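Contents: one structure, followed by commentary.
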Amino acid sequence: MVSSNRPIPDDAARRGEALYEREIRARVEAQHHGRILALDSDTGDYEIADEVVAAVRGLRRRHPAVLPYIVRIGYPAVFTLGARLRAIPE
């Protein structure tokens, strides 16, 4: 069996969400509402872009092995299926 230092996806997602809510959301929401944020939950580093692929690529330039937490700033989900995406009420 091969071992890895990479976090399991559920753990990375929980840590990413907590870090985003605790330290990042207030700094980025007004200026970048609706854009995509890719976050490295190990380092706290993040990249903001208009599309998921661009945000992840930007973050991976600095952290090649990152398992990013992805969020659409100001919304409860990154994507929707057949419905409108509504902003999170303040």
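The values are calculated or read from the model by the stated rules, or taken from the named source; none is laboratory data. This one's a predicted model, so the numbers in the text were calculated from it and none came from an experiment. Heads up, the Cβs are rebuilt from the backbone with ideal geometry, glycines too, and the neighbour counts pull from every protein chain shown.
Criterion applied to Leu81, Leu67, Leu59 was being part of a loop (DSSP other than H, G, I, E, B), surrounded by 12 or more Cβ atoms within 10 Å (Cβ to Cβ) and either modelled with pLDDT of 95 or more or among the aliphatic types (A, V, I, L, M) (or both), and the one residue passing it is Leu67.
I need the full set of residues from the stretch 33-51 which are surrounded by 16 or more Cβ atoms within 10 Å (Cβ to Cβ), of a type outside the set (Lys, Arg) and closer than 16 Å to Tyr75 by Cα, in order please. First the steps, then the outcome.
Residues of the stretch 33-51 surrounded by 16 or more Cβ atoms within 10 Å (Cβ to Cβ): 35-42, 46-49.
If we keep only those that are of a type outside the set (Lys, Arg) as well, we get 36-42, 46-49.
Ile36, Leu37, Ala38, Leu39, Ile48, Ala49, listed by residue number.
When the test is whether a residue is buried (at least 18 other Cβ atoms within 10 Å of the Cβ), without any contact (Cβ under 8 Å) to a residue 40 or more places away in the chain and not aromatic (Phe, Trp, Tyr), Ala30 does not pass it.
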